[in-house]
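Remarks on the structure that follows.
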Amino acid sequence: NAQNGSEAGSGGGYGGLGGNSDIATGGMGYGSITEPADIGSGGGSSGPVSGGAGAGRLKITVTGDAVINGDIASNGVNGGYSTVNYNGYWRAMAGGGGAGGSIYLVVDGEISGTGNISANGGGVSGKAGGGGGGRIAIYYGSNNFSGNMTAYAGGISPQAGGAGTIYLKSALQTYGDLVIGNNNVNGALTKIMDGKYSFDNIEIKSGASINVSSI
């Protein structure tokens with residue numbers, strides 16, 4: 001859903017909108033916050049320079065405890081960049097970043113460890129738009145995880161994508177928590193699809209902004 005550009009493509013969208021390039025509008029947001037099952041959209045191309053691929057989807061169900069000391073990742077690919085002879089002129093061309101994908105993790109017992117869980121958008125060079133962040137949802141009996149959970153957008157201000165969403169729900173909670181953060185980068189908006197939502201807590205931080213059609 002990103003757009004191609006003559007010198008720079010825009011970013012692909014998913015949980016967060018794709019970042020705009022200098023002339024092309026970033027990709028749209030879509031998908032469920034609480035049961036993410038979509039893939040991220042790819043970034044737009046620029047002439048022969050391709051945008052980054054969107055990330056895939058991953059669902060893991062664990063009976064018992066889960067210790068995560070490595071990486072669980074569904075990250076968008078960085079957009080391409082090259083100086084090419086295009087229609088007789090040398091131009092610096094950049095592809096948009098691919099959007100992060102989805103991670104859906106269900107742990108019956110305790111989740112712990114010091115690893116990384118990420119659904120980040122792909123980065124870019126030049127005037128291209130960064131990929132939007134993906135969507136992460138984690139259900140657990142208890143939480144002792146001290147690692148990082150991120151659904152950051154790719155790119156830098158003002159052409160970064162929008163932050164993705166992280167939904168966390170313990171067995172003791174009624175509704176769960178929604179966390180949206182963008183690593184202190186101001187970019188595009190995070191998409192909240194039309195519908196009725198209930199959360200125990202909502203945290204919007206570090207450069208993130210949300211898009212809702214009604215409240």
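So which trypsin sites (Lys or Arg not before Pro) in region 178-209 are both in a DSSP loop and have at most 14 other Cβ atoms within 10 Å of their Cβ?
Answer in residue order: 196.
Radius of gyration and Dmax for region 105-157's Cα atoms, expressed in Å?
14.4, 46
Calculate what fraction, in whole %, of the accessible area of region 106-148 sits on carbon and sulfur atoms when a 1.4 Å probe is rolled over the protein chains.
36 percent
Within the accessible area of region 167-215, what % is carbon and sulfur when the probe is 1.4 Å and the other protein chains stay in place?
48 percent
Quantify, in whole percent, the carbon and sulfur part of the accessible surface of region 11-57 (1.4 Å probe; protein heavy atoms only).
After summing per-atom areas, the C and S share lands at 50 percent.
Residues with amide H under 5 Å of residue 113's amide H, sequence separation 5 or more or different chain, H placed in the peptide plane at 1.01 Å from N; which?
For residue 113, the qualifying residues are 68, 146.
Just the Cα atoms of region 22-81, one point each, no solvent: what log10 I(q)/I(0) does Debye give at q = 0.15 Å⁻¹?
Normalising to I(0) and taking log10 leaves -0.63.
Ranked highest first by the average count of other Cβ atoms within 10 Å around their residues, in what order do 115-127, 167-179, 41-53 fall?
Sorting 115-127, 167-179, 41-53 by mean packing, highest first, produces 41-53, 115-127, 167-179.
Give me the tail of P(r) for region 133-215 as a percent: Cα-Cα pairs with distance above 14 Å. Spell out each step's value before the answer.
On the way: 2160 of 3403 pairs.
Result for the distance tail: 63 percent.
For residue 149, list long-range residues whose amide hydrogen, built 1.01 Å from N in the peptide plane, is under 5 Å from its own amide hydrogen.
Residues meeting the amide H criterion: 117.
How big is the Cα convex hull of region 1-124 in projection, averaged over all directions, in nm²?
7.8 nm²
Once you have the Kirkwood Rh of the chain from its Cα pairs, apply Stokes-Einstein at 10 °C and 1.306 mPa s and quote D in µm²/s.
D = 95 µm²/s.
Could you give the dipole magnitude of the chain about its Cα centre, charging the beta-carbon of Lys and Arg +1 and that of Asp and Glu -1, in debye to the nearest 20?
Dipole magnitude for the chain comes out near 440 debye.
Just the number, please: Stokes-Einstein D of region 47-93 in µm²/s, Kirkwood Rh from C-alpha pairs, 10 °C, 1.306 mPa s.
For these conditions, the coefficient is 110 µm²/s.
Under a 1.4 Å probe, what is the accessible area of the chain per residue, stated in Å²?
44 Å²
Between region 136-215 and region 70-115, what is the separation of their alpha carbon centroids in Å?
18 Å
The values are calculated or read from the model by the stated rules, or taken from the named source; none is laboratory data. The structure presented is a predicted model; accordingly, all values stated were derived computationally and were not measured. All Cβ positions, glycine included, derive from the backbone under ideal geometry; neighbour counts span all protein chains shown. Heads up: the accessible areas ignore ligands, DNA and RNA and are worked out on the full protein's heavy atoms, side chains in. Shrake-Rupley method; radii C 1.70, N 1.55, O 1.52, S 1.80 Å.
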